[in-house]
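A short reminder: the numbers here are calculations on the coordinates, not readings from a lab. Given the structure is predicted, the values throughout are model-derived calculations rather than measurements. Neighbour counts run over all protein chains shown; Cβ positions are idealised from the backbone, glycine included.
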Amino acid sequence: MQQLNCAISDGLWDLLGKRSIEADEPVSHVVSSALADYFGVVHHTLYQVSTSTALVEGIYQGAVRIGTLRQHGDLGLGTFENLDGEMAIVDGRVFQIRCDGSVREVDDQDLSPFAAITPFSPDARAEIDCCPEYGDLLKRIDGMRDSENIFYAVRVDGHFDTMHTRAVCKTEEGVPLVQAAAVQPEFRFNDVSGTLVGFWTPEYAKTFNIPGYHLHFVSDDRTKGGHVLGCSGADLFVQLQRAGDIRIALPETEDFLKGDLRRDPSADLAKAETAQK
């Protein structure tokens, strides 16, 4: 990430400070947004609702409507109120993959307790001729990243020989994520075309997001999907975008405000995000 040092007039500085306070955004974010608008390019901001720690502790009350979430980008993932399935956001369309394997496009009025979204405009692209397993795909994406300290948005399109996913089931408020995930159904598909969307998160961000790769899948025919546990394929098209700014919208819900979010969520996240043994 480059740094910019320059002199500006007192009047502009006052306007910049006022805008920063009104928008509740750092000055650097206001300047980056203004420059992006001037040059007609997308400003890479990752907008996140709530935190992974809140999710681990069983805080599943809806905090934002899908219509509001959609205003902040066109690629992302998350879950729905009461942990009712997996969310995949592709080209601005929001899909819900439920634990019965069904897929539906959701209304703007639906609620989410946790989600992340960004306006997707890739900085890097690559084609993968052969991907015998999920680990190979992640290694190839690793090679496209230039830092361990920046967030990245990821999109992978193509035909998959195999796809292994899961979807969490609707759960009562307060049930810890690791307990809810212990009964999550897993799905295995063969010869399916579709899109993986999600993010790579630095390790230091583990208290508010899921470190490493977090990807969700939805098929081109919108009948299959889920949280990705494994895959293989060929002729895959990978796109990667740096996210230099992070905005986190903390819920005003009673359960979030009163929740105990001091515990390190790492172990529970690792257990909940991987395939069941």
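Restricting to the chain, compute how many DSSP beta bridges are antiparallel as a %, nearest 5. Kindly include the intermediate steps, with their values, before the conclusion.
On the way: 67 of 72 bridges.
Looking only at bridges with both residues in the chain, the antiparallel portion is about 95 percent.
Where the only charges are on Cβ atoms (+1 Lys, Arg; -1 Asp, Glu), what is the dipole of the stretch 159-277 about its Cα centre, to the nearest 20 debye? Walk me through the numbers on the way to the answer.
Numbers: 13 positive and 17 negative charges, 37 e Å.
It comes to approximately 180 debye.
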Do you know the relative contact order of the stretch 132-208, to the nearest whole percent, from alpha carbon pairs under 8 angstrom that are 6+ apart? 42
Residues whose placed amide H lies under 5 Å from that of G58, excluding near-sequence neighbours: L177
Can you tell me the convex hull volume per residue for the stretch 123-170, based on C-alpha atoms, in Å³ to the nearest whole number? 133
Note to self, the chain gives a 222 nm [θ] from helices alone (DSSP H runs n ≥ 4, -39500 (n - 2.57) apiece, / all residues, nearest 500) of -6500 deg cm²/dmol
Hey, could you get me the Stokes-Einstein D for the chain, Kirkwood radius over alpha-carbon pairs, 10 °C and 1.306 mPa s, rounded to whole µm² s⁻¹? 82
Treating only the Cβ atoms of Lys and Arg (+1) and Asp and Glu (-1) as charged, compute the dipole magnitude of the chain about its Cα centre; round to the nearest 20 debye. 260
Per 10 Å bin from zero, what fraction in whole % of the C-alpha pairs of the stretch 125-259 is there, up to the bin with the longest pair? 11, 36, 34, 17, 3
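Once you list every other residue whose beta carbon is under 12 Å from the beta carbon of T171, what net charge do they have if Lys and Arg are +1 and Asp and Glu are -1?
-3
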Estimated inter-spin distance, L35 and D107, nm [label 7 Å along Cα→Cβ]: 4.3
If pairing requires two Cys Cβ atoms under 4.7 Å apart, which cysteines of the chain are left without a partner? C6, C130, C131, C231
